[in-house]
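Asker: If you scroll down you'll find the structure; I have some questions about it.
The values are calculated or read from the model by the stated rules, or taken from the named source; none is laboratory data. The structure presented is a predicted model; accordingly, all values stated were derived computationally and were not measured. All Cβ positions, even for glycine, are placed from backbone atoms using ideal geometry, and neighbour counts span all protein chains on display. For the accessible areas, the whole protein counts, side chains as well, though only heavy atoms, and no ligand, DNA or RNA atoms are used. Shrake-Rupley method; radii C 1.70, N 1.55, O 1.52, S 1.80 Å.
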Amino acid sequence: MITHAKIHFNDCGTPVADDFDDVYFSNEDGLAESDYVFYQHNHISERLCSHPREQFVIAETGFGTGLNFLNAWQRFATQTEKKATRLHFISFEKFPIQRQDLARALAAWPQLSHYSEQLVAQYPEALPGCHRLHFGDVTLDLWIGDVLDSIEQMNFNQHGLVDAWFLDGFAPSKNPDMWQQSLFDAMAHLGREAATFATFTAAGFVRRGLQQAGFKVNKVKGYGRKREMIVGELEHTTATTNVPAPFVRHTRPLDKVAIVGGGIAAATLAHRLTARNIPCTLFCADDELAQGASHNKQGAVYPHLQADVSPSSELFAHSFLYAKRLYEQLANDVDFAHQWCGVLLQGVKEEGKKRHANLLSKNNWPQWLIQGVDAEQASDIAGIDTPYGGLFIPDAGWVSPVELVQALVTHAKQQAQLDIHFATQVTAVNRVGERWQLLCKNKGYDDFSDVFICMGEHSTELLPENELALQSVRGQVSHLSASDNSRKLNTVLCHKGYFTPAHDGSHCMGATFEKDTQARDIRDADDRTNWQQFAGFYGECDWTQELQDINGAKAAIRATLADHLPIIGQYAQQDDYIAAFPLLLKGQWQGQQPLRHQNPGLHLFTGLGARGLCTAPLCAESLVASLCDEPLPISNRVDQALHPARFIIRDLKRGQIK
Ligand code: SAM
């Protein structure tokens, strides 16, 4: 669990960390000091004018109050002449400041209020791992946890990630644990060609450590009354990748992409691509968006957490926090029905109760995210009587998936070019030279650099070889007219299925679960199953007595994979992996041949199951970031858990592929 910083404000109004007995920034003029030491001595203004990539990446040790970030953001935003059009700021923080302390500390800089108010609004709760925050052209990755642990979890490639380091942190004498040779080495490993650093200290061991790591180091005049500080540049790139060879993702110049699909995967992908100004064309087989598995009236948005912090739980926890931030930002611009009313996971059976008790006893998740409740507390939260306790996720809620998908696409269109072809069923995707062509019934569409298959249960239909073991699970959700009493329910109830608070006079109740079928007809029998299950758990409760009319239903097919995780990335074909990694059969990772895909640029984004509202935004963002050679917002192990080649690699290692 993360410990917050304990701070007080000294007579000058400067925040001071009690445990380190050190200030967050200078008593004299912290903002001017930040600009002088970190921004100017990394020569960022000048470098933005000649930067070879669209994105300039800064990484900082010790986020603290975010002053360095805000200064960099303001400087970037107000510089009109520049070649780099996006700023990516990575910061590491072991002892995050509480939100109210952050707001108080930043109130000292009214000239930054336009930026600091946005930061305070999005500032995340403290969960270890990466929290990606978007502020238009500026992205902040706040990695909560010790900088060295976080760097180990990051996914870094052989070109490096970072253009400039802000080596901050309390004074080396007050924080010796951080100022380690391993940190200096990691700075070099993550550095891109000609990466620079600047730091306020001139301590001899820091200078020598950075030299040893591969930086050319110079002493320069320090800020104000400080005599010296040090700055430097990487003499030669030492960047290495920490990703096992078969899991390495290849970057691609995405100049014109086709997205096939019309649900939450397609919409979030279009949203994250257009955020980077990449022109997209979306092919939707239906007359409208969200007619497949994303078509329910209300869908719960909450993280599916296990007692242990497994890669799956980590994905869900961070996906949930990212999705909520994105949906809240979206709701400022485009309307869609939603309610952050919390989700109650009710222990309706012994097995579920045991799972809940185990999760609480392991104590891996903070209370603000998920908390144990007894039946009385659950009833208070829900606004109706429920006989079950369980787990409550206060920040969760529900959204209208159809409206959400439409809102994402509307917003995506405001960000960059997004053409949509409705009622257009893609029948084949062909590689023509270096480009992709899509064939529809009467027409062909040419010249795409990349194609993304986001077709849920239909995703295998366009693959050249069907090597994706996608399973189909049918689910029917029933709609039930609300009564005066049932309207009092004000949170989502999850038992074995779910029951939502009333919206437009109806509740959603469901869902059935039937494997290996693609039938989407509405069945009375499934409505009865939903009702019987619900009545079996809540039939004795007052608020359910007048509920009876099922006034509609929706049936959908959810696409899942054997490990219940989504699949994101370049379509992986067995032959390509066997050719490149024959030693995997002996459990060895090294490639003998470079990995060459038969179908480069053909990507999958599917397998979201019934949890796409939670996972799709972060998965889409990760997928696009990896292709665009940007830092990833997920850890290495989560990235590998989502990799399209994971089943092939597993089978090769087990010797199950001959
Ligand atoms: N850059 C900050 C700003 O703009 O306000 C000030 C940083 S403050 C001087 C140093 C920060 O480093 C503190 O927030 C502290 O909690 C953090 N820190 C100290 N040791 C750390 C570690 N090992 N890993 C990550 N952060 C650390």
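Asker: Modelled label-to-label distance, ASP380 and THR240, 7 Å Cα→beta-carbon offset: nm?
Answerer: In this crude label model, ASP380 to THR240 measures out at 5.5 nm.
Asker: Among GLN532, ALA186, LEU561, which residue has its Cα furthest toward the positive end of the charge dipole of the chain, with +1 on Lys/Arg Cβ and -1 on Asp/Glu Cβ?
Answerer: The residue sitting most towards the positive pole is ALA186.
Asker: Which lysines does LYS443 reach when only Cα atoms under 19 Å apart count, and residues fewer than 8 places away in its own chain are ignored?
Answerer: LYS256
Asker: Under the 0.36 nm per residue contour assumption, what length would be gained going from the current alpha-carbon distance of PHE422 and LYS353 to full extension?
Answerer: 20.2 nm
Asker: Take peptides 171-180, 489-498 and line them up by average Cβ neighbours within 10 Å, highest first, as a rough protection proxy.
Answerer: The packing order, highest mean first, is 489-498, 171-180.
Asker: Assigning unit charges at the beta carbon (Lys, Arg +1; Asp, Glu -1) and nothing else, what dipole magnitude in debye, to the nearest 20, does the chain show about its Cα centre?
Answerer: 1480
Asker: Right, another one. Along Cα→Cβ, 7 Å out, is where each label goes; now give me the distance between the ones at ALA202 and ALA525 in nm to one decimal.
Answerer: Going from the ALA202 label point to the ALA525 one covers 8.3 nm.
Asker: Using every Cα-Cα pair within the range 186-283, state what percent have a distance larger than 24 Å.
Answerer: More than 24 Å apart: 53 percent of the Cα pairs in the range 186-283.
Asker: Using Cα pairs under 8 angstrom and six or more residues apart, how large is the relative contact order of the chain, in percent?
Answerer: 14
Asker: So, one more: Provide, for q = 0.24 Å⁻¹, the log10 of I(q)/I(0) from a solvent-free Debye sum over equal Cα point scatterers in the range 151-212.
Answerer: Cα-only, vacuum Debye calculation for the range 151-212: -1.08.
Asker: Kindly provide the helix-only [θ] at 222 nm of the chain, computed as the sum of -39,500 (n - 2.57) over DSSP H runs of four or more divided by all residues, to the nearest 500 deg cm²/dmol?
Answerer: -8500 deg cm²/dmol
Asker: At a Förster radius of 60 Å, what calculated FRET efficiency corresponds to the Cβ-Cβ distance of SER481 and ALA194, to the nearest 0.05?
Answerer: 0.35
Asker: In addition: Please give the charge dipole size of the range 520-658, origin at the Cα centre, charges +1 on K and R Cβ atoms and -1 on D and E Cβ atoms. Round to the nearest 20 debye.
Answerer: Charge dipole of the range 520-658: 940 debye, to the nearest 20.
Asker: Just to make sure I understand: if all protein chains stay in place, what is the order of ARG225, ARG487 by accessible area at 1.4 Å, largest first?
Answerer: From most accessible down to least: ARG225, ARG487.
Asker: Treating the beta-carbon of each Lys and Arg as +1 and of each Asp and Glu as -1, no other charges, what is the dipole magnitude of the range 414-527 about its Cα centre, to the nearest 20 debye?
Answerer: The dipole of the range 414-527 has a size of about 300 debye.
Asker: What is the percent of Cα-Cα separations in the range 180-238 that go past 19 Å?
Answerer: 23
Asker: How high is the relative contact order of the range 567-658, in percent, with contacts defined as C-alpha pairs under 8 Å that are six or more residues apart?
Answerer: Normalised by residue count, the contact order of the range 567-658 is 40 percent.
Asker: Taking the Cα centre of each part, how many Å lie between the range 83-109 and the range 131-167?
Answerer: The range 83-109 and the range 131-167 have Cα centres separated by 13 Å.
Asker: Which angle between 0 and 90 degrees, to the nearest 10, do you get for helix 204-213 versus the longest principal axis of the chain when only C-alpha atoms count?
Answerer: Once rounded, one gets 60 degrees.
Asker: Still on this structure, I have one more. Using a Förster distance of 22 angstrom, determine the FRET efficiency expected from the C-beta separation of ASP255 and GLN598, and round it to 0.05.
Answerer: Computed FRET efficiency for ASP255 and GLN598 comes out at 0.55.
Asker: Related question: As I understand it, the dipole of the range 33-185 uses +1 on the Cβ of Lys and Arg and -1 on the Cβ of Asp and Glu, about the Cα centre. Which of ILE90, ILE151, SER173 lies farthest toward its positive end?
Answerer: ILE90
Asker: May I pose another question? Over the alpha-carbon set of the chain, work out the extent along each principal axis and list the three values in angstrom, largest first.
Answerer: Largest to smallest, the principal-axis extents are 80, 62, 49 Å.
Asker: Pulled fully out, how much extra length does the chain show between ASP287 and ASP22, if you take 0.36 nm times their separation in residues and subtract their Cα-Cα distance?
Answerer: Answer, rounded to one decimal: 89.3 nm.
Asker: Let me ask another. Go ahead and collect, in residue order, the members of the range 69-87 whose backbone nitrogen is under 17 Å from a label point 7 Å along the Cα-Cβ direction of CYS49.
Answerer: 75-85
Asker: Compute the helix-to-body angle for 524-538: its Cα long axis versus the longest principal axis of the chain, expressed 0 to 90° and rounded to tens.
Answerer: 70
Asker: Per-residue counts of other Cβ atoms within 10 Å, averaged by peptide: what ranking do you get for 640-653, 543-556, 502-515, 5-18, highest first?
Answerer: For the peptides 640-653, 543-556, 502-515, 5-18, the packing ranking is 640-653, 502-515, 543-556, 5-18.
Asker: Counting just the Cα atoms, what span does the range 52-171 cover along each of its three principal axes? Round to the nearest Å and put the largest first.
Answerer: 40, 37, 27
Asker: If the label point is 7 Å along Cα→Cβ of GLN518, which residues in the range 449-465 have backbone nitrogen under 15 Å from it?
Answerer: Residues 454-464 qualify, since their backbone N sits under 15 Å from the label point.
Asker: Can you tell me the 0 to 90 degree angle between the C-alpha axis of helix 350-362 and the longest principal axis of the chain, rounded to 10?
Answerer: 10
Asker: Just to be sure I follow: if Rg is taken over the C-alpha atoms of the range 302-361 and Rh is the Kirkwood radius over the same atoms, what is Rg/Rh?
Answerer: Rg/Rh: 1.09.
Asker: Can you give the Rg and Dmax of the range 429-541 based on its C-alpha atoms, in angstrom?
Answerer: 21.0, 66
Asker: Between GLN656 and ASP177, how high is the FRET efficiency from 1/(1 + (r/R0)^6) when r is the Cβ-Cβ distance and R₀ = 35 Å? Nearest 0.05.
Answerer: Using R0 = 35 Å, I get an efficiency of 0.20.
Asker: Need one number: the % of Cα-Cα pairs in the range 562-620 sitting beyond the 14 Å mark.
Answerer: 63
Asker: Could you tell me how far the Cα centroid of the range 519-546 sits from the Cα centroid of the range 319-394, in Å?
Answerer: 22
Asker: When the Kirkwood hydrodynamic radius is evaluated over all pairs of different C-alpha atoms of the range 607-658, what value in angstrom, to one decimal, is obtained?
Answerer: 12.5
Asker: Using all C-alpha to C-alpha distances in the range 1-118, build P(r) with 5 Å bins and read off the rounded percent in each one.
Answerer: 2, 10, 21, 22, 19, 12, 7, 4, 1, 0
Asker: Just order 123-133, 47-57 by mean Cβ neighbour count inside 10 Å, highest at the front, would you?
Answerer: 123-133, 47-57
Asker: Let me ask you something else. Hey, if you put +1 on the Cβ of every Lys and Arg and -1 on every Asp and Glu Cβ in the range 185-258, which of THR240, THR199, GLN211 ends up farthest toward the positive end of that dipole?
Answerer: THR199
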